[in-house]
């Protein structure tokens, strides 16, 4: 049976966290659809949120398949998510109140970034191979 390396397990955990994050986004987008009946702006927001969730599902799938470009796009998406969350936290509208917004908007993206950064630093160097007999 094949054993997973530390890098492989970090990528797997990051992929599961991205799937969890995408699931939360999908639920948020679907729950905004009924409000779109009254307010047209919510229709746009719900469609954009559902598209972002679909993108996150797709990136998580490609990350677990070992695609290097998916790793780069996920890092970009998580940094963008943390930046927008930080900007919204500065506004006096109360966007981060309670444990759920903190978990979904801060902890999960930060954990994915840490897992991807720690996994990439180990895989970037040369891998030990068989000794050269010459």
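Taken together, the values in this text are just the output of simple stated rules run on the coordinates, not laboratory data. These numbers come from a predicted model, not from an experiment. Positions of Cβ are backbone-derived with ideal geometry, glycine not excepted, and every protein chain shown enters the neighbour counts.
Things to note:
- Its DSSP H runs of at least 4 residues, each contributing -39,500 (n - 2.57), put the calculated 222 nm mean residue ellipticity of the chain at -24500 deg cm²/dmol, to the nearest 500.
- Eigenvalues of the alpha-carbon gyration tensor of the chain, scaled by 5 and square-rooted, set the equivalent ellipsoid semi-axes at 36, 16, 12 angstrom, largest first.
- Per residue Cα convex hull volume in Å³ - calculated over segment 1-77: 78
- Taking Cα atoms only, the orientation of helix 68-90 departs from the longest principal axis of the chain by about 40 degrees.
- C-alpha center-to-center spacing [segment 58-94, segment 1-38] in angstrom: 11
- Label point 7 Å beyond Cα of residue 102 along Cβ direction - residues of segment 79-95 with amide nitrogen under 20 Å: 81-95
- Length released on extending from residue 16 to residue 117, taking residue separation times 0.36 nm less the Cα-Cα span: 34.8 nm
- Using alpha-carbon coordinates, inclination of helix 6-32 to the longest axis of the chain, degrees: 10
- FRET E, pair residue 48, residue 86, Förster distance 22 Å, beta-carbon r, rounded to 0.05: 0.65
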